[in-house]
């Protein structure tokens, strides 16, 4: 197969940071100034007086970049592996452009370029807003985790938990917005010239190219900046109150703050999700000498973090690293609680590991007692650190635990199911609740609200394969549909352990165009066109009627 274009583009963009933003201008600069003759105003100013060797060097840099893109595309198509060799000419193009004073001065004086900068900045803000508010694998209209630059730092396969958030993201966003704001309206020289420009606009004292301007020091130097009235109104009071020097210090401080948040907050937090290092640090902190670290479906990178080398380490070494053949092998260690082990596991395999550890055995008599899967570190959205022993002072961070109940731990406000409906004789409906966002039981809601439907199922026997759950909210001919993966997709049904009670929680959005009145809430499970069989019959069509929600404020 071929490497998808979006994946290739994303990787090239990340490799080229921070030159990506300025490189299009640098590429245009090389194309203009490497030609021996050009009638373009920018090019003529730049190449005036240049010797043939300088133009040849720029042409060679341009060719280098073009060959880099071509060879990378060919290599990625044939081998699905690539190393981009055009990074140096990209950086060189930007450096050459910024060092050419004549070209840079003429560029800043171009009204077209300034408009493009403005539109480009708005586009960047729009992209960042999208990444801040939503992420992949989340439903439309549901607020996503606070993730920035996801399109640059992940491989296209990353999924984030719905409750995931990076610390300091709001500060990061505000600082970035402030920097982009100054970029959009002309940076510091704008603050120097805008009061006079605003005055000239009001008095209509002069007119040039359809815009009212005033000749300032910067104008005399060749930097003719035209700004919008909105920008002038915003910046003029700042300059009047605090002065130009204070304004400069504010912009510099904002940039330093942005860099500080990036280096000290955002990137270290993000690394928890893209690397095993955090799990290794937790293991080193908790493990005694000789306690083994196992890799289950991990990579050699974990061993590298432990020992500076990815080679296998003998079991007699301090903090040895070994590999397990699979998740089923993890079960053996839960039969010997005297030996403590640590294991790194992919988060998507956590439900399978939970089933293997919790299922009834029959293969070894000493394994029939209750066991639990302890998660010592769940900070990463990709991997977790497991152990078969939970010592004093340690907490179980298993993200599945909040969805698992016993008869004694069920919420007191659930409505018990009567009769006790079963699905394929494998699941029994224990009860349900309709709650609001605060977890308070409700029987009515308004249009625009979200009703959270909690259903509790006792596992009678293992379900052979995973199923999806449907929720129908019916009112006459209207239907609100709530098809979804059970337990947010983190706990597939075929890994539910017999004897336990599992909760599914789904937020059903009441559309603003919905009618007022009672809505019947009906549930069931399906796979393709087949539904799990409900006994007794229930509401027909293998559905169970839970109850009604009265909707107010809708259409009559």
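Bear in mind these aren't lab numbers, they're just calculated from the coordinates by the rules spelled out. Source: prediction; values computed, not measured. Glycine also receives a Cβ, built like all others from the backbone with ideal geometry; neighbour counts cover every protein chain displayed.
Here is how the numbers come out for the structure above:
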quantity: Label-point gap, in nm, between residue 60 and residue 505 - each point 7 angstrom along Cα→Cβ; calculated: 6.4
quantity: Globularity ratio of the range 405-552, using Cα Rg and 2.2 N^0.38 Å; calculated: 1.00
quantity: Order by protection proxy (mean Cβ within 10 Å, highest first), peptides 470-483, 437-450; calculated: 470-483, 437-450
quantity: Cα→Cβ-extended label distance, 7 Å offset, between residue 438 and residue 339, nm; calculated: 5.3
quantity: Equivalent ellipsoid dimensions for the range 480-556 as semi-axes, Å, which come from the Cα gyration tensor, largest first; calculated: 27, 16, 12
quantity: Backbone N within the range 408-427 under 15 Å of label point (7 Å from residue 533 Cα along the Cβ vector); calculated: 422-427
quantity: Least to most buried among 545, 273 (fewest other Cβ within 10 Å first); calculated: 545, 273
quantity: Per-pair calculated FRET efficiency, R0 = 25 Å: residue 461 and residue 408 via Cβ, rounded to 0.05; calculated: 0.70
quantity: FRET efficiency for residue 253 and residue 379, using Cβ-Cβ distance with R0 set to 30 Å, rounded to 0.05; calculated: 0.45
quantity: Full-extension gain in nm, residue 395 to residue 105, via 0.36 nm per residue minus C-alpha separation; calculated: 98.3 nm
quantity: Extension gain (nm, one decimal) between residue 277 and residue 450, 0.36 nm per residue minus Cα-Cα; calculated: 58.4 nm
quantity: Net length gained if the chain between residue 478 and residue 288 were fully extended (0.36 nm per residue, minus Cα distance); calculated: 62.2 nm
quantity: Distance between modelled label sites at residue 348 and residue 552, nm, 7 Å Cα→Cβ extension; calculated: 4.5
